[in-house]
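Peer 1: Pasting a structure here, questions to come.
The values are calculated or read from the model by the stated rules, or taken from the named source; none is laboratory data. Computed from a prediction, not measured in an experiment: that's the story for all the values here. Don't worry about glycine lacking a Cβ; one is built from the backbone with ideal geometry, like all the others, and counts go over all protein chains shown. In case anyone asks, the SASA skips ligands and DNA or RNA and just uses the protein heavy atoms, side chains included. Shrake-Rupley method; radii C 1.70, N 1.55, O 1.52, S 1.80 Å.
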Amino acid sequence: MSWVQRLVNALRPSRLLRDIDREIAFHIDERADDLRSQGLSDEEARRTARSRFGNPLVQRDRTRDVDSAAAIDATWRNIRYALRAMRRTPGFTAAVVLTLALGIGANSAVFSAIDAVLLRPLPFPDGERLVELTQVRDGSGETRIAPIRLQDWNRLNVTFDGMAGYLLGDVVDTSGDLPERVHNATVTPGFFDVLGVHPALGRSFSDEEHQVAYKGPIAVIASDRRWRNAGRDLQALERPVRVGNVTLATIGVMSPSFQFPRDVDVWTADDADAPWAQQRTLTWFTGIGRLKSGVTIEQARADLERVQADLCRQYPDTDRGITVSIVPLKETIVGATRTSLWVLYGAVSVLLLIACTNIAALLLSRAARREHEIAVRYSLGASRTAVAMQLLTEAGVLSLVGALIGVAVAISASRGLRLLAPDLPRVGEIAVDARILVYTLLSTLFVTLLCGVAPAIQSTRRARHASGSTRTTTPARHSLQWLLVGVQIALSVTLLAGAGLLVRSIDAMSRVSLGFDPRHVLTLRVSGQYGNETTDAHIQRINRVLDSLESLPGVEGVAVASLLPGVREYEQQEFSLLEGRAGTAPPLIAENRIVSPGYFAAMRIPLLTGELCHRPEHSGWPKAATADVMVNRTFANRYFPGTSVLGLHLTGGLDRLVTNRHLAGAVPSRIVGVVGDAREAGVDRDPSPTVYTCFSFPYPAPWHVIRTAGDPTAAVTAVRRRIRELEPARSVYDIAPLEQRMGDAYAQNRLRTWLLSLFAITALALVCAGVYGTLSYAVSLRRREVALRLALGALRHRVVQQLIGTSLRIVAVAAACGLGLSLLFTRSLSTMLYGVTPSDPATLGAVGALVVTVAGVAAVIPATRAAFVPPMRALREE
Amino acid sequence: MSTSKNDILQGTLTLLVLKTLASNRRLHGYAITTHVQRVSGDLLRVEEGSLYPALHRMEQQGWLKAEWGLTEKNREARFYSLTAKGRKQLAAEEESWARFTEGVGRVLRYV
């Protein structure tokens, strides 16, 4: 008989038993027949036949064990027994299953995010070989690469299969009813080859399309989303479409899974041989590269350092001080979320651990109540392994049922995570798939062992000694339970400390003085792109819009800015002083914000000394170019302590307009005033030295900030209508109040805090249940003792005090251990904290006090109940 | 349990069953018992209860094949027959039995 047959027999034992019974009955019948023919009476024959056979039940079981996989059979019996036990105690079962379902489900959901975002390679062939390349120039925040330099690197290196660059920008599609903003990535030849991806439909760019001399329609590769939204059919591929004064032809469509760079709608070919692409000082590309198989990042870095050193000798004027930065592409995409996700995972795992410990304690007290049953099983000859296996099976069935519901929890929780954190990189790849199910299964196994082993060992050992007597009460029997409660307390203190610190940080951030006023400010962008327009034309266009909006009723101030204030955007660079500085003076590293002169009034940033900058009244940019600049107080105090900065000249402010092909070289700018410090680079960043270059054209589609008299959203329609009157072919997009945008910038912070607090509160609730349950059990064991003491005249309140005191001592010790544990754990939070240190004594103290109080309250009820049982009743019970 | 001398030695039951089935095409359990008893001239008696676990174990080993059938008295019984593997096993067990008795004999003959 094969093992399959044995398995079937194990799973369908009744049929097998029937067959064996028939076989045995036949044997006994035949024997009886023979005996009858030898002259025995009917009844005598049958009795003799049966006694000669021996006990048919024992023989049946022995035969059955041969025919079925005995271990499976026993397991199957244990499972059915466990299910029966679960039905007998529905309340207990529901509590345990639900706790486990939530614990396992939440854990799997967070793991699904970790797996998709951090663990899996990028969805490109050999994605681990892709790196991001940026150029680093001493002291400047410069990261982009001059096209010609990228070409040099690509040509001279020996460690890369290929390199390419891209530049993000916005273009406007005016083919529809309303102008529509389109995210565009201008890419160098070989961009798709480096990524190892090709259009799902059509083709990628030809060499001709990368040449400035190419006169055909502009070739465009569309994202799948855009292709679908446009509702265009395959026939339209390559058929040129006229948009405004340009002709476009969609030559290819990418697959839905291809999203690089993120949220791009169309990819277009750069003009690799254009004259402006040959200038080593004009930088605009972000580089990507594919390492040769087997090449490490370190080797590639050494290789490119050598290449750049050669270039430096060849072009000392432009390439001196430039180094190359190589970072795995995946790191640049997901790196920022790494700590957040692992902290979340750590928290959710600690919660699961608490839940397991809690359930282990519950099972332990339940097993203790079943002491009698276990003793009976021993006396009937069950082995210790068999009894322990039965208890373990009960834990296993509970956690398996919990895990099944947990999978459903995980699916909805991971969907919830996608909705709550839409800005998470690779969020679209998060899914509960086979890998996650395997993970869930493994964690279920882990949970079973964690919950089940202690009760199985402990109660089978005890039952061996107790063997039938229910009177023995040793204090040691619930010390394990108190240990489990202690573990829960320590872990939940850790969770609470983490959550508490994050809450304190958010609170501290909301109290910070910003230095600017984000209320009643509407932000939006008006589309524009580099093209055949002169810089002058851009400036005039933007100024016209600003002036016109300023005259709208309800608008109190308007400006454009290169970066929005308060949303964690910043660009640092080094400025130089035209007047010269001492060689020993620190370099003038400062944030560079390009704003139109109305910015300070619109953002309510106060002028401290000097005067506000004015709009330059020249035309013919950049020939007669100078610009006024403002600096903040930190800049003035740090770099020019004790002297006036007014009238000094800085260069470098406008050099950052690197993507502007018409603007190059150093433009000297005069410092005309000093303004107050504002936390523009983020609420959680202290103000740093800042230079405001007053210039209306940081790039073609700058941010507009509009201060309104009332609710900024109420002004949207009027603003849009006014811009449409002036610029019918431009789209107005990214419209939102500044406060909302600042909130969004910290949405992940808040989500993280919110989730951690949720976990911590759940943990606290579990601890409550744990203390309550364990003390109830411990007290129930001591009922006789308590009753006896009361009968002998002990004071009731002293008894209550003593019972509560016992639990509080344990709670206090565990909470202290938890605080020690917190000091280790909260250190990993340090990058997420603001205004509190990871070991903030106030937070930790409050958490410790909270846990002890809550646990104390949980202890009151069982302690009081025990002391108020009439002594005679308790004494008569046994 | 009686410890009478005609109880079958532990381990020889397999050999006897295999041999019995080698000389008869197919037999049910009761017939195997009576066959052993008759052929041994009542010297050997199969302990009836332990026959069935042994039969089922041999079936698991693949030495026997079993199927339900009717006896001449029209009763349903489970009939066992030898497989090719069982024949090989019989040869092996016969040989080891021969060696065993030879060995025991020599020890007994030694003065």
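Peer 1: Using only the Cα atoms of the protein assembly as shown, what semi-axes does the equivalent ellipsoid have when each is the square root of 5 times a gyration tensor eigenvalue? Give whole Å, largest first.
Peer 2: Numbers: eigenvalues 1326, 342, 120 Å².
The answer is 81, 41, 25 Å, longest axis first.
Peer 1: Now, a different point. How do A:F285, A:F446 stack up against each other in accessible area, from largest to smallest, with a 1.4 angstrom probe? Before the final figure, lay out the partial values.
Peer 2: Working: A:F285 0, A:F446 105 Å².
Ranked list, largest accessible area first: A:F446, A:F285.
Peer 1: Right, something else. Looking at the range A:579-620, I'd like the Rg to Rh ratio, where Rg is from alpha-carbon atoms and Rh is Kirkwood's inverse mean 1/r. Show your work: numbers first, answer last.
Peer 2: Details: Rg = 14.8 Å, Rh = 13.6 Å.
Reported Rg/Rh (Cα atoms, Kirkwood Rh): 1.08.
Peer 1: Evaluate E = 1/(1 + (r/R0)^6) for A:L156 and A:V212, where r is the Cβ-Cβ distance and R0 equals 22 Å; express this FRET efficiency to the nearest 0.05.
Peer 2: 0.40
Peer 1: Taking R0 as 30 Å, what's the FRET efficiency between A:M509 and A:L420 from their Cβ-Cβ distance, rounded to 0.05?
Peer 2: Working: r = 20 Å, r/R0 = 0.66.
So the FRET efficiency works out to roughly 0.95.
Peer 1: Same structure again: On C-alpha positions alone, give me the angle between the axis of helix A:841-867 and the longest principal axis of chain A, in degrees, nearest 10.
Peer 2: 20
Peer 1: Once R0 is set to 41 Å, what does the formula 1/(1 + (r/R0)^6) return for the Cβ-Cβ distance between A:Y345 and B:K65, expressed as a FRET efficiency to the nearest 0.05?
Peer 2: Details: r = 57 Å, r/R0 = 1.40.
Taking R0 as 41 Å, the efficiency between A:Y345 and B:K65 is 0.10.
Peer 1: Using only alpha carbon pairs under 8 Å that are at least six residues apart, calculate the relative contact order of chain A and give it in whole percent.
Peer 2: On the way: 1465 pairs, mean separation 132.3, N = 878.
In percent, rounded to a whole number, it is 15.
Peer 1: Something else now. Working out 0.36 nm times the residue gap between A:L795 and A:E298, then minus their Cα-Cα distance, what length gain in nm do you get to one decimal? Spell out each step's value before the answer.
Peer 2: Numbers: separation 497, 0.36 × 497 = 178.92 nm, distance 7.59 nm.
Fully extending the segment from A:L795 to A:E298 adds 171.3 nm.
Peer 1: Further question: What share of the DSSP beta bridges in the protein assembly as shown is antiparallel, in percent to the nearest 5? Intermediate values should be presented prior to the final figure.
Peer 2: On the way: 74 of 95 bridges.
Taking every DSSP beta bridge within the protein assembly as shown, about 80 percent pair in antiparallel fashion.
Peer 1: Which of the cysteines in the protein assembly as shown are isolated, no other cysteine C-beta under 4.7 Å?
Peer 2: By the Cβ distance rule, which asks for a partner under 4.7 Å, the isolated cysteines are A:C312, A:C356, A:C451, A:C768, A:C817.
Peer 1: Calculate the spin-label point distance for A:S830 paired with A:R88, positioning each point 7 Å from the Cα along the beta-carbon direction, and give it in nanometres.
Peer 2: Taking the simple label geometry, A:R88 and A:S830 are separated by 5.5 nm.
Peer 1: Same structure, new question: Modelled label-to-label distance, A:R685 and A:D734, 7 Å Cα→beta-carbon offset: nm?
Peer 2: Result: 1.6 nm between the two label points.
Peer 1: Oh, and also: Taking the DSSP beta bridges in the range A:198-356 as the whole, what percent of them are antiparallel, to the nearest 5? Each step should come with its number before you reach the end.
Peer 2: Numbers: 8 of 13 bridges.
Just about 60 percent of them are antiparallel.
Peer 1: So, one more: Once the Cα atoms of helix A:434-466 and of chain A are each reduced to a long axis, what angle between those two axes, in degrees from 0 to 90 to the nearest 10, is obtained?
Peer 2: 30
Peer 1: Moving to a separate point now. Hey, rough spin-label estimate for A:R280 and A:V246, points 7 angstrom out along Cα→Cβ, what's it come to in nanometres?
Peer 2: Result for the modelled spin labels: 3.1 nm.
Peer 1: With just the Cα atoms of the range A:762-878, tell me how far they stretch along each of the three principal axes, in Å, largest first.
Peer 2: Over the range A:762-878, Cα extents along the principal axes are 62, 22, 16 Å.
Peer 1: Next up: Determine the calculated [θ] at 222 nm for the protein assembly as shown from helices alone, applying -39500 (n - 2.57) to every DSSP H run no shorter than 4 residues and normalising by the residue count; nearest 500 deg cm²/dmol.
Peer 2: Values: 31 runs with 512 residues, N = 989.
Using -39500 (n - 2.57) per qualifying helix, the result is -17500 deg cm²/dmol.
Peer 1: For the protein assembly as shown, what is the number of Lys pairs with C-alpha distance below 25 angstrom, counting only pairs 8 or more positions apart or on separate chains?
Peer 2: Values: A:K292/A:K330; B:K5/B:K19; B:K19/B:K65; B:K19/B:K85; B:K19/B:K88; B:K65/B:K73; B:K65/B:K85; B:K65/B:K88.
Pairs that pass both the separation and distance tests number 8.
Peer 1: Take the Cα of A:L608, step 7 Å along the line toward its Cβ, and report every residue of the range A:575-595 whose backbone nitrogen sits under 13 Å from that point.
Peer 2: none
Peer 1: Moving on. May I ask for the Kirkwood hydrodynamic radius of the range B:50-111, worked out over all distinct Cα pairs and given in angstroms to one decimal?
Peer 2: Working: mean 1/r = 0.0710 Å⁻¹.
14.1 Å is the Kirkwood radius here.
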